[in-house]
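Taking it in order: structure first as structure tokens, then the write-up.
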Amino acid sequence: MAVSAGSEIPDLPETHYLDNRIYFDQEIYSQEQSDVFAKVWLFVCHESELAQPGDFRTTLAAGKPVVIVRGQDDVIRTFYNICRHRASPVVRSDAGNATEFQCFYHLWTYGLDGACTGITKPAGYKAVNLDRSKLGLIPIRTETIAGLVFICLNEDAPDLKTFLGDIMDPLMDPLGGEPLDVFHFHKADIATNWKLWQDNNSERYHSMLHVINRKTQPWVKGKTSPMKLRLGENGHSGYWSDGVAEVDYAAGGYAGVSSGILPGLRENEMRVINLFPDTMVNIRSNVIRIDRMVPISPGCTRIEWWGLGLRDVSEEVRSERLRHHNMFWGPAGRNLGEDIIAVEEQWAAMSADVVRYSILAREEELNPTDDANLRAYYQEWGRLTGRAPNAPFDAV
Amino acid sequence: MEKELAQLLDKEAIFDLIRVTAARLDDEALEEWLTLFAPDSFYEIAAASPEIQSAMSWWKSSREELEKILSEVTEHVRDPGKRLHLVTPILAEINGNNASAISHFSITRTDTDGRSSLYVAGRYEDELVKIDGRWLYASHRAVLDTRMVEPFTHLPL
């Protein structure tokens with residue numbers, strides 16, 4: 001039997017395989033920061049993290065430090081977290097409440113609306129007529145939908161609603177029907193490329209990796225299912241059922257975790273959406289997990305994980321949903337550790353560049369283990385980077 | 001004098017329990033680890049997030065739940081790294097058949113190539129109960145200073 005070399009181009013349609021170098025090439029990684037992350041809307045936090053005027057959060061977006069803050073006028077704004085004087089960070093903590101922002105270095109001061117409100121020893125600038133009204137913090141476009149706060153570094157991008165299309169529709173009730181709160185947040189720097197985590201979050205074929213999913217999700221091994229992949233615009237996708245498709249917790253011996261169901265959901269229902277380029281919202285009955293990826297280098301990705309649920313519920317419900325969350329998705333959870341091991345070891349082996357191509361060729365009429373959503377994602381990646389995902393170094 | 005001696009013996013027995021607990025996990029002797037818990041006890045990993053300005057529970061299970069979870073550990077795809085606990089018991093306050101104890105701990109991880117690194121650091125905050133002359137956990141809480149834990153483990157800390 002003849003065995004093909006790992007570098008041989010697969011005998012498949014061009015959309016059905018990827019050149020694995022997109023996961024470890026430094027030039028492509030750098031281009032992604034400017035041509036993907038700096039061009040589209042990015043989820044940054046939940047609005048309940050900014051509940052009161054003055055509440056702020058800091059993070060990185062497209063490699064740039066940003067601060068998101070609720071103003072005294074209740075408007076959520078985002079600014080580059082960089083002082084206009086000598087480019088020091090203005091805010092140095094992850095979160096908090098402020099009445100103003102003051103740079104720690106030379107004590108320039110900014111209002112919550114970004115305006116520069118104070119320059120220390122101003123007389124020193126009189127000779128050059130320095131105009132502080134032109135030296136506010138640099139603003140970044142900010143919009144919210146269903147409590148999710150998004151920012152966009154690109155002034156020319158369409159608005160958030162246009163970017164998302166209708167992919168958020170199945171989440172509007174669960175996320176927007178009643179007040180939510182964030183009960184969990186953790187992060188880790190994992191040794192993989194950011195897209196491999198997004199792939200893992202998007203493709204359902206790997207559900208077989210998880211013993212707990214094999215036991216509780218009837219559609220993991222079955223051929224057809226009411227659970228279907230959904231292809232959105234701009235590389236977004238989803239995974240939910242219009243009929244009854246219950247997670248069978250009892251089959252795994254894990255019953256009694258689902259009370260306090262989110263609005264619009266059936267008992268033991270799952271809904272997942274994967275937003276291009278870097279976010280997943282995964283809902284199980286009473287608990288919401290959100291993943292966000294912050295690329296650090298081609299082989300290192302900071303992943304941030306949120307856990308959310310209904311704010312106004314009893315301690316009993318809180319306790320039950322916490323068990324539910326932690327069982328699958330907590331740092332010591334049953335599934336999360338397996339996913340991390342998978343993408344880390346995958347990246348290490350992939351980087352050897354022996355097997356040059358990944359195969360995304362499953363066609364199953366949008367049943368869960370179809371690869372159609374991965375193919376759509378990489379078409380959008382290709383559109384933004386100007387590179388063919390299957391031949392990224394060919395002249396475009 | 002007799003009472004002071006009894007207190008010292010109790011304290012040493014509690015510190016011994018804490019050291020043995022760590023050794024059981026390092027050896028992955030999970031059934032033996034469970035025998036160190038009282039019937040109505042629980043185990044917890046607690047942490048905090050400055051991002052959401054809140055304490056969190058990363059794992060909280062009753063003894064009964066632990067039994068099921070630990071019996072399934074070998075079914076998982078797991079990190080092959082070896083973990084080693086370094087535990088320093090700090091104090092034990094004894095009140096009859098009940099006690100509270102605090103210990104500091106760190107855990108190293110040695111990967112399959114033999115590289116060792118610090119995995120997590122924190123402290124155990126324990127409530128204990130003496131049953132039939134033997135100190136057992138009423139609650140065993142690993143309260144982490146470390147917030148970025150990677151790679152994850154399917155085992156308690």
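Every number in this text was worked out from the coordinates using simple rules, so none of it is lab data. If you're wondering where the values come from, they're calculated on a predicted model, not measured in any experiment. Note that we place each Cβ from the backbone using ideal geometry, even for glycine, and neighbour counts take in every protein chain shown.
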For the ranges A:99-108, A:68-77, what's the packing order if you count other beta-carbon atoms within 10 Å of each residue, average per peptide, and put the highest first?
A:68-77, A:99-108
With θ taken as phi - 60° and the coefficients 6.51, -1.76 and 1.60, list the Karplus ³J(HN,Hα) couplings across the range A:161-175 in order, rounded to whole Hz; mark glycine and proline as x.
4, 5, 4, 7, x, 9, 5, 7, 3, x, 9, 4, 6, x, 8
Shielding of A:182-190 by other chains, given as the mean Cβ count within 10 Å, works out to 6
Can you list residues from other chains, or at least 5 along the same chain, whose modelled amide H is less than 5 Å from the amide H of A:I167?
A:E233
Compare A:H236, A:H210, A:H324 in a GNM of chain A, Cα atoms joined below 10 Å, and give the one with the largest fluctuation.
A:H210
Would you mind pulling out the separation of the Cα centroids of the range A:3-72 and the range A:184-215, in Å?
16
How big is the convex hull of the Cα atoms of the range B:2-144, per residue, in Å³?
132
I need the phi-derived Karplus couplings for the range A:108-125: 6.51 cos²θ - 1.76 cosθ + 1.60, θ = phi - 60°, integer Hz, Gly and Pro marked x.
5, 10, 10, x, 5, 8, x, 5, 6, 10, x, 10, 5, 6, x, 4, x, 9
Other protein chain Cβ atoms within 10 Å, averaged over every residue that makes up B:138-149:
2
Lys/Arg +1, Asp/Glu -1 at C-beta; chain B dipole; positive extreme among B:H85, B:G114, B:L157
B:G114
From the phi of every residue in the range A:187-196, what ³J(HN,Hα) in whole Hz does the Karplus formula 6.51 cos²θ - 1.76 cosθ + 1.60 yield, where θ is phi - 60° and glycine or proline is x?
9, 8, 8, 10, 8, 7, 7, 4, 6, 5
Kirkwood Rh and Cα Rg combined as Rg over Rh, evaluated for the range A:273-387
1.03
In peptide A:326-334, what is the residue-averaged number of other protein chain Cβ atoms found within 10 Å of each Cβ?
6
Any chance you could give the angle, 0 to 90 degrees and rounded to 10, that helix A:372-385 forms with the longest Cα principal axis of chain A?
40
Sequence-distant residues sharing a close amide H with A:I296 (under 5 Å, placed H)
A:T301, A:R302
Unmatched cysteines, chain A - criterion: no other Cβ of a Cys under 4.7 angstrom
A:C45, A:C116, A:C152, A:C300
Report the charge-dipole magnitude of the protein assembly as shown in Debye, nearest 20, computed about the Cα centre from +1 at each Lys and Arg Cβ and -1 at each Asp and Glu Cβ.
1380
Taking every pair of Cα atoms in the range A:42-156, average 1/r, invert it to obtain the Kirkwood radius, and report Rg/Rh to two decimals.
0.99
Which far-off residues, 5 or more places away or on another chain, put their amide H under 5 Å from the one on A:Y105, with H placed in the peptide plane?
none
In the protein assembly as shown, how does Rg compare with the Kirkwood Rh, expressed as the Rg/Rh ratio over alpha carbon atoms?
1.00
